[in-house]
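Just so you know, all these numbers are worked out from the coordinates, no wet-lab data involved. The structure displayed is predicted, hence computed values, not measured ones. All Cβ positions, even for glycine, are placed from backbone atoms using ideal geometry, and neighbour counts span all protein chains on display.
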Amino acid sequence: MLFFCFFLMTLRLLQIGYTSEWALAKFFPVILNGYNPGFELIGICGREPEKDDAEKRLVSKIDEKENANKEERNWRKKNTDKEIQSSWQILQRLRDGLDYFQICQNGNVVIPETDFDAVAIFTKNSTHLDYVRELMKKGIHILCEKPTVVVTDENHRADREQLSELETIVESDNPVSSQSPRFIKMDAEHYSAKIATIAFYESLGELIAEYGGISKIEAVTKEVDNPDKQRTRSLLCRDNRTGLLLDMGVHLFGVISNIGGNVREIKSAKYSAFPGYDVETYVETEFGIQGNLFHEDATGSFKMIKFIDKLKDPEKDDTKKLRVYLRSKKGIETVVTIDFKEGIVIDSNGRPWYGHSNPKSEEYANVFELFKKAIERGQAPRTNFRRAIQNLDTIYRIYEEFPFEGNLSDVYATAT
């Protein structure tokens, strides 16, 4: 009976980083509007000293979004509208009694002295590590947006020491088995919660049984971005040395690691920038892959393009696809396309694959279901921290073996 009751239990959830664009656009619309009743938001955390200060910060955020110039708002209209709506909802919740906690005082992380089961972290990536470290000491279930995505030193280069430290922290939780962790540490990797990705994961066993092991994975992503947007410049600038491999590639490497694949040697990598902008807009890389579901000679290639063109239609010009090549013992090759944007999985014989569940259209509703299920079962989720570390290590290796500076050239025209 106790076991049954545990499955019905609603988990008390704290949220860190309530003004994050991603939290406001993706996280709060789910947790505040009843898409997933498995979690109850009991409080939000930030740097502001008091609840009144948090309310003022939200009002400021609303004014900032509502008064943004028309061109900037049009670029991200869907997200901006959600950010404004979520900000109003949080503001009302605070006025109705939702708790607020200051999480950082004098540069030190302070974990709230309240009763909670799990925490969702949406902070600047460079501060993730501090929160993760302190929460893990207390044995709290963690859902973290891109937990290891930026672990860099003061010169914006890969910080191997910090990455090793995080790996040590994660491993120390679980000296016996990665399949039975004491508490859950999950990357809120929303591409793994897209309808097409879930359908692919759930169909993979049948696909391999019918068509053979994986011989190649290739991805082509194209999206439009606004060069005047501060996030574009800060994320993709040359000094950052993380660029599209983190902005989009981290999701694609996630698909490989989530099916047991591991990137071996990096064969090549090249980058380019749009003329006149100190922003990386194109990356192409090739690498070898190993894993139980892969052929010995399996390879991967990513081609990612971020158009810097205000005249393009962001919706119309988006392409986000991953192609998985399956090869039978007789050498017959079948291509399975995961179309992230269209939400479909289809093979080269024209057969669609749907998986076995009914994932929600709201990606974060799926994220929460996976998080809750992992906690209930005491099993590491597919997007666990170990795999997040593995993906970051791959991205670091690409930039270390093929430095950004040595390969940068203005070949934007050929990329398009």
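Observations, loosely collected:
- Distances between placed amide hydrogens fall under 5 Å for I289 paired with R264, A298, T299, G300, all partners being 5 or more residues away or on another chain.
- Calculated from backbone phi, Karplus (6.51, -1.76, 1.60) coupling profile of the stretch 265-270 in Hz, x at Gly/Pro: 6, 8, 8, 6, 7, 9
- Lysines whose Cα lies under 24 Å from that of K137, excluding same-chain neighbours fewer than 8 positions away: K124, K146, K185, K372, K373
- Pairs from K61/K303; K222/K360; K77/K341; K77/K360; K56/K320; K26/K222 whose Cα-Cα separation, in the structure shown, is over 29 Å: K61/K303; K56/K320
- Net charge, I266 excluded, C-beta distance under 11 Å - Lys, Arg +1, Asp, Glu -1: -1
- Partner lysines whose Cα lies under 23 Å from the Cα of K329, excluding those fewer than 8 positions away in the same chain, are identified as K216.
- With a Förster radius of 30 Å applied to the C-beta separation of K341 and N33, the computed FRET efficiency comes to 0.80.
- As a proxy for reagent exposure, ranking K303, K194, K185 by other Cβ atoms within 10 Å from fewest up yields K303, K194, K185.
- Taken as Cα centroids, the stretch 40-63 and the stretch 187-202 sit 31 Å apart, rounded to the nearest whole angstrom.
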